[in-house]
Amino acid sequence: MLAPQLLPLMFQVYWKVRNQDSLSHHMLTCLVQLASLNGGVMNSSETRVQYLVSYMENFLKLLSMIGTNFKNKEALGISNVVRKLQLFFGHSFSKLPQALHESYLNEITRITCCFAEGAELEEAQLLDDKLYVEAFDNMLEAWTNIFQENASGNDTFVLQAATRIFNTYLKCHLAPPDGSRIRNDEVEEIEDNEDNDRIKFKDQLQIIGMCGRIVPSHSLPILYRLLEDRSNKLKAHLQTMQSQTMTLSDSAALDNLFEDIHWIILIAGHVLCMDSEGEMPMIPSEIMQYSIEKYNKSETNLDATLKVLAGVRQVVFELDFVDQCDHAVRVFSDVLKLCALESSAAEVKLGHFMSPEVGCTLMWFLKRWCLSYLLPTENYYQEVSPTLIGALGRDTDGATFVINFVLGKMQTNIIHFSSEPVLLQDTVDLFADIVCVKQKSTYIVKTEGLWNLVKLQSELKAGSLPQNVRRGLYKGFVLAGSALNDPQASNEYYQQILKPVQSRFKNLLCQENFNRIYQEEGIKNEVIDILECFIGIAKGSQMSTAQILFEYIAPILSELPVFLNIYKNYQVIVQLVLELFGRCAQHMLCYLSVLDSKRLYESSLATVQVYAKCNANRLSTEIFSEESSFQDLLLVLEFLTLILSKDCLDFSPQVSNSEITITAADVSLFGLSFILPLIKMELLMYPSLCSQYYKLIVLIDDLYADKIANLPDDMLTQLLRSVELGLTAGFGSDIVQACLDFLQGLATHIYRNSLQNTKVYQAVMPFLKLLMNLTLSHEISSEMMTSASICIYALICCYSEQYQILVQSLIQSQNDPLVAERLATAFSQLTNNVLLNCERQPKLKFRDNFDKFIANVHGFLLVK
Amino acid sequence: MADIEDTHFETGDSGASATFPMQCSALRKNGFVMLKSRPCKIVEMSTSKTGKHGHAKVHLVGIDIFTGKKYEDICPSTHNMDVPHVKREDYQLTDISDDGYLCLMADNGDLREDLKVPEGEVGAQLRAEYDAGKDILCTVLKSCGEEVVIAVKTNTALDK
């Protein structure tokens, strides 16, 4: 393998067959394999380096021969070579001769840029085969490793590479003359559930952001210059549009401009901030360092930075002091100016010319920026930049200004872009995400902006916002309040936020003529709106606030059973009521005290009961009635499952078990007993309902097999019938698995508690025969066999006599005496030396025996 | 007070419009909307846009609440759509006339005999249960001047 002739030969062969599609692919695969050569053959680090040097020399020769003329699938193979080299030889690179390493970095930078351009071309042409896209992604993956190895970041070649890649990527996404983006003239219809660019290109953008952070002195000035240039152009456009009508070419130019802005912001957002899922969002150290350096060299100062920030509403870009502004803040200010521009366009009725996509990207950028830069916690950093801290730190006017600006922008979006559901969703997400961070919400609750927002939304007519916006806002309001540690302040805050909603509900219900006017559309819209608010409140609940929030929600919940009865014929309202209970169970229940939990249980059970009562024995002519029942029942089942989580996860103040008179499982089962009659066979054909149902019963069985065992006859029969159905009706292997788990749990419970001569004992008995038949007749697929065998074992432990009878009858039913004999032997081997005590050891032994048994029996029973 | 209530009852919907406008983006699934001049229940609702920087359009699939026919429409999300006033009220069944009319009693005791026994399975069940002497509730759907029994429910003693 390590013979010095091998690698040159392989590369030469590849070059020879390169033009023959049938061979070139295999040869290239060979090269990829060789790039990951590893294991025993590499016995010393010298060998590794030697091999790498040889590979590298040949590889670079190949690249220089290819130049930029990649064959169709070649790019992908080459990119894989680089990725593999980086993965398997990453540590040996530093030992390469300097010149070789440098020309390698040079070459792969060149091909990365080349692939980036190819990728852009593929995206623009909407090709199905995205070879260059994939090749580019591979290269970026390799670069991540290179950048990480070079964490100190002083290698000029790495800096150059980062600069070149950053530039190329930016160029690919900008329209000519600055860039080379290809205009796609086809206007396509885009569904809103399609991934947007920030999700589709997330990985790419993250690494480009990394490139940008390696060379902030290069990337940040480019970004703010571009932003300022495009914003100026947009401003000019808007000014012309106010006086003239727009032509088709104007509209195309505007679209081009929006696309540029969209991409610059996306890239800027990734350079300035890192993804922080599950972590505390921080200012990246490179940006912090850069800001400190600039400040120390007196190239930037706080005063100019603050002035730029304070002037964003004027949307003026040519300022004397702007050059002394901190670069990161300057990019941010430019984005704020774009927000201001968008808002002012909307105010002069030009909002319909603005791009909702850009609006979403702006919201996304603000979210990212605010999470990392706004009110940073100083002691998380080794060193802090005086400009960044001075402009956006705690107790600064800058921070207050930014909060008010962002909240003000949310207001404008809600007023002027209420017809854009996606934009509004991003707007409320921005809000909820920022207030989630306590250091920030402590300040937010004190700002004027927040109270303006509260006021604005309370004045909006019910039914004027897209679905989910109201609940998103209330979730945010409620989350923001959790920052208030002082109980009195917290009470006052929630009083101001929640009391009005509560009163709206009470006023509505207490109207003298409510019984007559409840069907009026205005009233129904009001009801929907209030329920949306409460769902939001429940969703925003946290450990520290659950108790106080519940005080506001509980009186409403207790009215809901009656309410549901009134609105039983209006599905939207019925579902919102059910959803509200679901959200309370999901977000509040685990923090509630025993007493409060009981209040929630009572209201929810009464509601489920009313729902069941209204829908039992009901027959409808409407063709969507089945779909409606399905949707409703799914919500009920989800809710009953969520309730159960209380028994798994409980953060409420510790109490002795004796105080708990009612457990979540009781509630779930009781609730289930009401709706079980409504779950018809045809409804179980809906996969989501089916899996939710079986998930619920298995969960109850896992936690409280005794409660299942003690169910009233009717319900036990129904439950077991549904288990039988689950095993036989072909709902899919997940459901079979659930049913097996259910039976195994129940049978084990019966055995361990010696429940012979009980109803449940009798009721479960038929399953032994059923399961034996199903396994023998192949109706349970082989991957389920392990679960099936464990389940059968538990059943045999309970019903050993019946098992013997079953075995005998199976043997006797064989016509062929030879087969009968073999079957008898097989059965005796199955339980040979297996203790029937439901313990782990014999269970595992039985499982192994059963595998052999099934293989054996299937063999001769099938032959017959 | 009494005469005000009476007036209200009399003019309940004769003078009022059968629909009211609502911004398209604020509609919701399972709510109602007029599609091709028919009152429909929205069974599917999605948004899309023309071109990346275009504005939202709402795609609606609705089912005629009386005929069960399916209609679709697509409209800019800024536009207003007509939403029908839809009432669904429960009545107690007191009698079935020989010519197939139902005698129904409202919650307030008012009687009406202007609705027919629904067709198909529901109608058959309604007759059978009525003949068996069961307590029956009929849900009457009313919208855009049309009115029909859309569901029947047998009351068991427990329900009351």
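The values are calculated or read from the model by the stated rules, or taken from the named source; none is laboratory data. Please read these numbers as outputs of a predicted model, since none were measured by experiment. Here the Cβ is made from the backbone with ideal geometry for all residues, glycine too, and neighbour counts use every protein chain on show. With ligands, DNA and RNA removed, areas are computed over all heavy atoms of the protein, side chains included. Shrake-Rupley method; radii C 1.70, N 1.55, O 1.52, S 1.80 Å.
In this Cβ point-charge picture (+1 for Lys and Arg, -1 for Asp and Glu), segment A:704-864 has a dipole of about 280 debye about its Cα centre. As an exercise, use a Förster radius of 51 Å and the Cβ-Cβ distance of B:Ala124 and A:Asn515 to find the FRET efficiency, rounded to the nearest 0.05. With R0 = 51 Å, the Cβ-Cβ based efficiency is 0.95. Close Lys pairs in segment A:704-864 (alpha-carbon distance under 26 Å; sequence gap of 8 or more, or different chains): 11. Here the Karplus curve 6.51 cos²θ - 1.76 cosθ + 1.60, taken at θ = phi - 60°, turns the phi angles of segment A:563-577 into couplings of 4, 5, 5, 5, 9, 4, 8, 10, 4, 4, 6, 4, 5, 5, 4 Hz, with x standing for Gly and Pro. With N counted as the residues of the protein assembly as shown, its alpha-carbon radius of gyration over 2.2 N^0.38 Å works out to 1.14. Rounded to the nearest 20 debye, the dipole magnitude of chain A is 1200 debye, with +1 charges on Lys and Arg beta carbons, -1 on Asp and Glu beta carbons, and the Cα centre as origin. Look at the alpha carbon pairs under 8 Å that are at least 6 residues apart: their mean separation over the length of segment A:335-480 gives a relative contact order of 26 percent. Summing Lys and Arg as +1 and Asp and Glu as -1 over all other residues whose Cβ lies under 14 Å from the Cβ of A:Cys436 gives a net charge of +2. If you plug the beta carbon distance of A:Thr717 and A:Glu559 into 1/(1 + (r/R0)^6) with R0 = 41 Å, you get a FRET efficiency near 0.70.
Here the accessible area is traced with a 1.4 Å probe on the protein chains. For segment A:704-864, carbon and sulfur cover 49 percent of it. Set the Förster distance to 25 Å, then compute FRET efficiency between A:Leu835 and A:Ala855 from the Cβ-Cβ distance, nearest 0.05. Rounded to the nearest 0.05, the efficiency is 0.60.
Computed from backbone phi with θ = phi - 60° and the Karplus coefficients 6.51, -1.76 and 1.60, the 3J(HN,Hα) list for segment A:173-180 is 9, 10, 6, x, x, 5, x, 10 Hz; x is used for glycine and proline. Projecting the Cα atoms of A:Asn38, A:Val133, A:Ile108 onto the dipole axis of segment A:1-182, where Lys and Arg carry +1 and Asp and Glu carry -1 at the beta carbon, places A:Asn38 farthest toward the positive end. Label positions at A:Gln148 and A:Gln488, each projected 7 Å from the Cα along the C-beta direction, are separated by 5.3 nm. Between A:Asp275 and A:Ser828, the modelled label-to-label distance comes to 6.3 nm, taking each label 7 Å out from Cα in the direction of the beta carbon. Note on chain B: GNM, Cα springs under 10 Å; of B:Lys49, B:Lys116, B:Lys142, the largest mean-square fluctuation is that of B:Lys49.
Amide hydrogen proximity for B:Asn155: with H placed 1.01 Å from N in the peptide plane, the residues at 5 or more positions away or on another chain lying under 5 Å are B:Asp135, B:Ile136, B:Leu137.
In segment A:416-431, which residues give up 10 Å² or more of accessible area once the other protein chains are added, compared with their chain alone (1.4 Å probe)? Going by heavy-atom accessible area, the residues of segment A:416-431 that drop by at least 10 Å² are A:Ser418, A:Ser419, A:Glu420, A:Pro421. Just going by the charge dipole of segment A:567-616, with Lys and Arg at +1 and Asp and Glu at -1 on Cβ, which of A:Tyr567, A:Ser603, A:Tyr591 is farthest out on the positive end? Result: A:Tyr567.
Its relative contact order, with pairs defined as Cα atoms under 8 Å and 6+ residues apart, puts chain B at 18 percent. Note on segment A:216-288: Kirkwood hydrodynamic radius from all Cα pairs is 14.3 Å, rounded to one decimal.
Accessible surface for segment A:1-182, divided over its residues, is 48 Å² per residue with a 1.4 Å probe.
Relative contact order of chain A: 5 percent, from C-alpha pairs under 8 Å at least 6 residues apart in sequence. Scattering from segment A:1-182 was approximated by placing one identical point on each alpha carbon and applying the Debye formula without solvent; log10 I(q)/I(0) at 0.15, 0.17 1/Å stands at -0.90, -1.13. When a 1.4 Å probe is rolled over the protein heavy atoms, the share of accessible surface on segment A:1-182 that falls to carbon and sulfur comes to 53 percent. Helix-only arithmetic for chain B: the sum of -39500 (n - 2.57) across DSSP H runs with n ≥ 4, divided by the residue total, places the mean residue ellipticity at 222 nm at -4000 deg cm²/dmol. Mean per-residue shielding of peptide B:22-34 is 6, counting Cβ atoms of other chains within 10 Å of each Cβ.
On a per residue basis, segment A:189-344 carries 42 Å² of accessible surface, using protein heavy atoms and a 1.4 Å probe. Modelled label positions at A:Gln756 and B:Ala132, each set 7 Å beyond Cα in the direction of Cβ, lie 4.3 nm from each other. If a spin label sat at a point 7 angstrom from the Cα of A:Gln804 along the line to its beta carbon, the backbone N atoms of segment A:827-853 nearer than 19 Å would be those of A:827-838.
The phi-based Karplus calculation (6.51 cos²θ - 1.76 cosθ + 1.60; θ = phi - 60°) puts the 3J(HN,Hα) values of segment A:726-735 at x, 6, 10, 7, x, 7, x, 5, 4, 6 Hz, whole numbers, x for Gly and Pro. Averaged over its residues, segment A:704-864 has an accessible area of 49 Å² per residue, based on protein heavy atoms and a 1.4 Å probe. Our estimate of slack between A:Asp323 and A:Met65, defined as 0.36 nm per intervening residue step minus the Cα-Cα distance, is 88.3 nm.
Roughly how big is the B-A contact, given as buried accessible area in Å² (both sides, 1.4 Å probe, nearest 100)? In total, chains B and A hide about 4700 Å² from solvent. GNM remark for chain B: springs join alpha carbons under 10 Å apart, and the peak mean-square fluctuation among B:Asp90, B:Asp131, B:Asp64 falls on B:Asp131.
Anything over 29 Å Cα to Cα? Flag those among A:Lys235/A:Lys539; A:Lys71/A:Lys200; A:Lys455/A:Lys598; B:Lys41/B:Lys116, in the order listed. Cα-Cα > 29 Å for A:Lys235/A:Lys539; A:Lys455/A:Lys598; rest within.
Split the accessible area of segment A:190-241 by element, probe 1.4 Å, and carbon with sulfur accounts for 48%.
Fully extending the segment from A:Gln12 to A:Leu776 would add 269.1 nm, taking 0.36 nm per residue of separation and subtracting the current Cα-Cα distance.
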